[in-house]
């Protein structure tokens with residue numbers, strides 16, 4: 001594998017499992033030193049162990065992305081340990097509750113928006129100054145196919161992911177001439193721990209939403225994120241890239 005991120009420092013939130021873990025491993029294989037962040041320490045430490053087993057360098061920093069202070073500390077720790085920050089993937093997120101808007105619990109709305117949307121803003125708020133100090137960088141924000149279409153019963157999640165796409169585009173315009181590229185990735189339903197315990201009927205219904213007739217794999221999302229994070233995508237910014245098995249085409 002080519003070392004497209006050789007000598008760079010990359011940060012991944014929600015790196016303790018699923019898509020985040022796959023991204024951390026992809027960054028490591030590409031030569032980056034990786035800062036893995038999650039609220040789940042066992043999962044984050046396992047990701048670091050897998051990176052080390054692959055012969056690369058990583059560390060774990062526990063952080064809650066819905067906390068501005070945690071995001072500030074996370075970036076500071078990355079710079080302290082490895083000297084700079086060049087790449088960040090704001091991947092951490094939570095699902096919705098299956099509740100219609102008129103019945104939606106207010107605290108649940110705040111929780112989902114706080115992690116899935118505000119968490120991305122807080123991440124970039126502290127990542128961008130560090131990247132400017134390093135001479136530039138690349139940010140990939142994890143949106144969703146639900147950042148482009150609606151989905152019954154998940155208004156907070158849909159709103160947050162639409163917001164991530166808009167936030168990505170605004171930030172990309174602001175820093176386009178200052179050496180920082182910002183893009184968003186929109187997975188459809190992916191084989192992650194969040195879906196592992198679904199009943200067979202519910203799982204079959206999700207598969208049926210994808211013309212490709214299966215769920216995606218974390219590694220398929222990670223390959224796209226890696227490309228957007230590398231100089232191979234040097235003329236790409238403010239874009240939303242789906243990895244969705246044809247979900248919105250039907």
Check your understanding: Is it true that some residue in the range 164-177 is at pLDDT below 95, in a loop (DSSP other than H, G, I, E, B) and either closer than 18 Å to residue 75 by Cβ or over 15 Å from the mean Cα position of the chain (by Cα) (or both)?
Key -> no
Check your understanding: Pairs under 6 Å by beta carbon, first residue at negative phi in the range 37-55, partner exposed (fewer than 13 other Cβ atoms within 10 Å of the Cβ) and in a helix (DSSP H, G or I), six or more apart or different chains?
Key -> none
Practice item. Check whether at least one residue in the range 26-36 is over 19 Å from residue 90 (Cα atoms) and not in a helix (DSSP H, G or I), and report yes or no. Key: yes
**Study point:** Looking only at the range 61-74, and only at residues there that are in contact (Cβ under 8 Å) with a residue 40 or more places away in the chain and touching a strand residue (DSSP E or B) at 6+ places or on another chain (Cβ under 7 Å), the one that is surrounded by the fewest Cβ atoms within 10 Å (Cβ to Cβ)
**Key:** 74
**Study point:** Criterion violated by residue 102 - all others in (1) modelled with pLDDT under 95; (2) in contact with a helix residue (DSSP H, G or I) (Cβ under 7 Å, 6 or more places away or on another chain); (3) in a helix (DSSP H, G or I) satisfied
**Key:** (2)
Review point. Among the residues of the range 53-64, is any part of a helix (DSSP H, G or I) and touching a helix residue (DSSP H, G or I) at 6+ places or on another chain (Cβ under 9 Å)?
Key: no
Check your understanding: Is it true that some residue in the range 164-171 is surrounded by 20 or more Cβ atoms within 10 Å (Cβ to Cβ), touching a strand residue (DSSP E or B) at 6+ places or on another chain (Cβ under 9 Å) and more than 30 Å from residue 100 (Cα to Cα)?
Key -> yes
Point to revise | In the range 128-145, the residues that are more than 14 Å from the chain's Cα centre (by Cα) and either under 21 Å from residue 66 (Cα atoms) or in a helix (DSSP H, G or I) (or both) | key: 128, 129, 130, 131, 132, 133, 134
**Study point:** Members of the range 175-191 that are surrounded by fewer than 20 Cβ atoms within 10 Å (Cβ to Cβ), in contact with a helix residue (DSSP H, G or I) (Cβ under 9 Å, 6 or more places away or on another chain) and either without any contact (Cβ under 8 Å) to a residue 12 or more places away in the chain or more than 19 Å from residue 121 (Cα to Cα) (or both)
**Key:** 191
Point to revise | Every residue from the range 210-250 that is touching a strand residue (DSSP E or B) at 6+ places or on another chain (Cβ under 9 Å), outside any helix (DSSP H, G or I) and more than 22 Å from residue 136 (Cα to Cα) | key: 210, 215, 216, 217, 242, 243, 244, 245
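The values are calculated or read from the model by the stated rules, or taken from the named source; none is laboratory data. On a predicted model such as this, the values are computed, not experimentally measured, just so you know. All Cβ positions, even for glycine, are placed from backbone atoms using ideal geometry, and neighbour counts span all protein chains on display.
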